[in-house]
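Colleague: Sharing a structure below in structure tokens format, with a few things to ask.
The values are calculated or read from the model by the stated rules, or taken from the named source; none is laboratory data. Since this is a predicted model, take the numbers as computed values, not measurements. So basically every Cβ, Gly included, is an ideal-geometry build from the backbone, and we count neighbours across all protein chains shown.
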Amino acid sequence: MPHVAIEQVLARSENAREDSDFTYFFSLLLAGEALLKLTTLGFVAAIQDDIDRNRYRLEHGLARADGLGDWGKALEDSLSGPASQYLLAEARTEQSELTKLCGTDEWQYEAVASLKKSLDQLKINAEEVPTKSDMKRWFRLFATLRNATRAHGATRPAMASPAVPDLLHSIKLFYSHHSLFKRPWVYLYRNLNGRYRVSPLTNNVDVFDYLKKETDHILQNGVYLFISSPRHVPLIQSDSELQDFFFANGGMTGKRFELLSYCTDNKISQDASAYLTPPGSLPPSETEGKGELLVKGKCFSNAPELIRDYILRQQLEEDLLRLLLDDKHPIITLVGRGGIGKTSLVLKVIDRLYSKDRFPTVVWFSARDVDLQLSGPKPVRPLVVSPDHISKHFASLVLSPDRIKEKGFAAKPFFEQQMQKNDLGPCLFVFDNFETTQNPIEMFNWIDTFIRPPNKVTITTRLRDFKGDYPLEVAGMTEQEARLLVDQTATYLGISHLINSAYIDELISESEGHPYVIKILLGGVARAGRAGNIPKMIAGSDEILTALFERTYASLSPCAQRAFLTLAAWNSSVPRVALEAVLLRSTSERLEIQKGVESILQFSMAESQTAKQTNKSLSAFHS
């Protein structure tokens, strides 16, 4: 099954064949490099998220890899190293094809043996091929071949010519037989209407057809491989026309790294901000929760302690407490921007539940990946990101190690049964930072399928892409609440003497009562030793942009993003009909425009005002 990215490089090789065997040889080396890198990236894409961030660790290294040896090590890690335990079960066939020992009658052995013959023709010392070999040896041999010729060698034409047939045979054996290239590969581009343009890289890509029709899927533009679901393939760039493919090629400098086309030799650079956080295990979140169920009043709970600088939010607390105590609404969702106080609110209400008889058990699950601190956002390790993580964590809280180790015990079915009827009595399950789980919509559907009263679920999330719950919106603080927060934070930072009443009024107005924005701005006052210009402080604060804006903006549909950017450019209130008229110039999908406008209102990125004549107008939310 042809793969467009590889076919382009092989076509270049065929053109080079007309020039000379020497040129043909080096063009085949480029095809082999592309094949090796595409294989590695395909396996990295098939690694599931885990709390130790193994997939990110590999991507972080590949963005900096200046040699094929590093790519080979990443592939070996994906196949049989620490990362391999998180490889999708559906990718085990491809894994087996590269890791099993094969005899002389199998394509893997023939591919390895042919590559070794090519090395021998060039008189390059390389490891011998035993009577049985796995396909991993092919990648090591190819790295040796490439480094001894393109990177550090001075290959003579007379030696290159005899090596060509075996090299070509080896590459084509691997390319035509490995199951990874028989899977559906596509390039996805999201149109303004929220649906995707699906550009096939291989045949039989019907599994992606639903993205052409449905608008509620959020996938970044790029190359995708289908293994049980669309898996984004990192560190490779192209476009919907599939005119060229660029593979990561090292050269990390500052905040960018290089990508190389093996078809045209062109190079581009890519923003490396996604790979600047050091790999390895991150520290736990400050709201991760306890490792055991402890006695709290009339309850058992593993919920973390209430944040020390919490400001009473009476109306929201009463609303949430009432919803938790009733016998309705099995799933309650707190929706609001990052740093708005959702987690603190839930912890405060849970603290009040400890003295009541409604829930003998409160179980806390944290998927938080960023702690919002006064010094700025800090990446942390999420405790649970998938149903398997959640189930295993719950089992560790309520069962003995011996029970978990019993033959036949499965954590996921056990947790599903406990959501229906809990052995400890009515239970409140709290899922914090729900939007950072692997697939929030599938996760919600899973929870919604099994949860039964009198058990309840509470979710905190920035994004609510699911239905069937009872949403409670958490907005900015009231003026009185915000003033209490300003006074408390200024006292803690020792800057009360630097701010006056007028400055506090402006601070609350510009922040719209957002507690984390207030804290960050006061932290800026403390660092500067003076009360600075608030709009300039907000505009220059990367912490606020990262914590509150980027993730929400990325989740919007293209039409919603365009609506927000249009409003931001106008920087004034405009009639809604005027905004929609402008957006209609770029798409005829009136319904999608209306949904896009509603999205930016829902996520508080714009506000709606009603004039006396009842005509609505919009203005961009400034963060």
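Colleague: Would you be able to say whether some residue in the stretch 434-456 is in the same structural domain as residue 340 (by TED's automatic domain parsing), free of Cβ contacts under 8 Å to residues at least 24 places away in the same chain and either part of a loop (DSSP other than H, G, I, E, B) or within 19 Å of residue 342 (Cβ to Cβ) (or both)?
Modeller: No: zero hits.
Colleague: Looking at the stretch 51-69, can you tell me whether even one residue there is of a type in the set (Lys, Arg), modelled with pLDDT under 90 and within 25 Å of residue 390 (Cα to Cα)?
Modeller: There is at least one residue in the stretch 51-69 that is of a type in the set (Lys, Arg), modelled with pLDDT under 90 and within 25 Å of residue 390 (Cα to Cα).
Colleague: Identify the residue in the stretch 10-50 that is touching a strand residue (DSSP E or B) at 6+ places or on another chain (Cβ under 9 Å) and not small (Gly, Ala, Ser) and, among all such residues, is modelled with the lowest pLDDT.
Modeller: So the residue we want is 48.
Colleague: Another one. Exactly one of these conditions fails for residue 168: (1) part of a strand (DSSP E or B); (2) within 21 Å of residue 33 (Cβ to Cβ). Give me its number.
Modeller: The failed condition is (1).
Colleague: Could you count how many residues in the stretch 241-263 are surrounded by fewer than 17 Cβ atoms within 10 Å (Cβ to Cβ) and without any contact (Cβ under 8 Å) to a residue 40 or more places away in the chain?
Modeller: Qualifying residue count, the stretch 241-263: 5.
Residue-wise test of (1) touching a residue at least 24 places away in the same chain (Cβ under 8 Å); (2) surrounded by fewer than 22 Cβ atoms within 10 Å (Cβ to Cβ).
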site	(1), (2)
16	no, yes
23	no, yes
49	yes, yes
58	yes, no
61	yes, yes
91	yes, no
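Colleague: Which ones in the stretch 23-49 are in contact with a His (Cβ under 8 Å, 6 or more places away or on another chain) and either of a type in the set (Gly, Ala, Ser) or not in a helix (DSSP H, G or I) (or both)?
Modeller: Across the stretch 23-49, the qualifying residue is only 45.
Colleague: Which of (1) within 24 Å of the chain's Cα centre (by Cα); (2) in contact (Cβ under 8 Å) with a residue 24 or more places away in the chain is the odd one out, the single condition residue 482 does not satisfy?
Modeller: That leaves (1) as the condition not met.
Colleague: Can you pull out every residue in the stretch 477-512 that is over 15 Å from residue 525 (Cα atoms), assigned to a loop (DSSP other than H, G, I, E, B) and at pLDDT 90 or above?
Modeller: Passing the criteria: 477, 478.
Colleague: Okay, moving on. How many of the residues making up the stretch 270-315 are touching a residue at least 40 places away in the same chain (Cβ under 8 Å), more than 24 Å from residue 427 (Cα to Cα), crowded, with 16+ Cβ neighbours inside 10 Å and in contact with a strand residue (DSSP E or B) (Cβ under 7 Å, 6 or more places away or on another chain)?
Modeller: 3
Colleague: Say whether the condition of being closer than 30 Å to residue 527 by Cα and either among the β-branched types (Val, Ile, Thr) or crowded, with 20+ Cβ neighbours inside 10 Å (or both) is met by at least one residue in the stretch 349-368.
Modeller: yes
Colleague: If you go through the stretch 389-411 one residue at a time, how many are free of Cβ contacts under 8 Å to residues at least 60 places away in the same chain and surrounded by 16 or more Cβ atoms within 10 Å (Cβ to Cβ)?
Modeller: So the answer is 8.
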